[in-house]
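Undergrad: I am attaching a structure below and will ask some questions about it afterwards.
The values are calculated or read from the model by the stated rules, or taken from the named source; none is laboratory data. Given the structure is predicted, the values throughout are model-derived calculations rather than measurements. Using ideal geometry, Cβ is built from the backbone for each residue, glycine included, and neighbour counts are taken over all protein chains shown.
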Amino acid sequence: MQNVFGGLTLLAPLAIGKLLAKSGVQLSGAGAMAATAAACAALLAVSFGLYAAAAALVPAVLPVLLGKAGISALTLAIQVATGAAFLALFTPDIGAILKKKAPEGFTPFFSLLFAVASIGFIAWTLQKAVAAPLNSPEQVRYIIYAAQNVVYAVVAMLSYAHSRKHERKAQAGRP
């Protein structure tokens, strides 16, 4: 839930900026920065409020509505859906690599950082999986999370490697 609220908070200023531009409102560089900071602060406050409300209500309501097995299924579905969403970030890069073109979705540095972060999450989640009770839903979630991060790390490293390869070719003047 926190990622949803945080993501909306980060995306909202982009939408607000487009609306202002269509309305003919033009801000100076400092004015745009101030407006963005104000919008982010306001939206972040709303996000914290909504998150706090959800944190107070959801744990009490879910067991009544879904039961223990239903909660496990829901958390697994959320985990898989968010995993697919993260992987979708690299869809343009994967398509470019398959077409033997330069990936353009992210900078090589971002792809490298994403891969390194994913490797860190692999180590963390495997450690948590080993510490969890054997065959428990918690252990299964950590193993799935580790597997997702293996995929992220591989895709991000492929993006990085292909981006760097194409950068080197461009610097050498080759197509």
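Undergrad: At least 2 residues that are modelled with pLDDT under 80 and closer than 30 Å to TYR152 by Cα in each: list the helices (runs of 4 or more DSSP H) lying fully within the range 1-100 that qualify.
TA: 2-22, 29-88
Undergrad: Looking at LYS22, LYS100, which is the one that is exposed (fewer than 15 other Cβ atoms within 10 Å of the Cβ), at positive phi and either out of contact with any strand residue (DSSP E or B) (no Cβ under 8 Å at 6 or more places or on another chain) or in contact (Cβ under 8 Å) with a residue 40 or more places away in the chain (or both)?
TA: LYS100 is the lone residue from the list that is exposed (fewer than 15 other Cβ atoms within 10 Å of the Cβ), at positive phi and either out of contact with any strand residue (DSSP E or B) (no Cβ under 8 Å at 6 or more places or on another chain) or in contact (Cβ under 8 Å) with a residue 40 or more places away in the chain (or both).
Undergrad: While we're here: Within the range 145-168, take every residue that is touching a Ser or Thr at 6+ places or on another chain (Cβ under 6 Å) and small (Gly, Ala, Ser) and give me the one that is surrounded by the most Cβ atoms within 10 Å (Cβ to Cβ).
TA: By that ranking, first place goes to SER159.
Undergrad: Would you mind telling me which numbered condition in (1) at pLDDT below 90; (2) surrounded by fewer than 12 Cβ atoms within 10 Å (Cβ to Cβ) ALA131 fails?
TA: (1)
Undergrad: While we're on this one: Please tell me if ILE119 is hydrophobic (A, V, I, L, M, F, W, C), part of a helix (DSSP H, G or I), out of contact with any Lys or Arg (no Cβ under 9 Å at 6 or more places or on another chain) and modelled with pLDDT of 90 or more.
TA: Taking the combined requirement at face value, the residue satisfies it.
Undergrad: Could you tell me which of the residues PHE110, PHE106 is within 30 Å of ALA170 (Cα to Cα), free of Cβ contacts under 8 Å to residues at least 40 places away in the same chain and of a type in the set (A, V, I, L, M, F, W, C)?
TA: Just a single option satisfies the conditions, and that option is PHE110.
Undergrad: Quick one: is THR107 within 30 Å of TYR160 (Cα to Cα) and in contact with a Gly (Cβ under 9 Å, 6 or more places away or on another chain)?
TA: no
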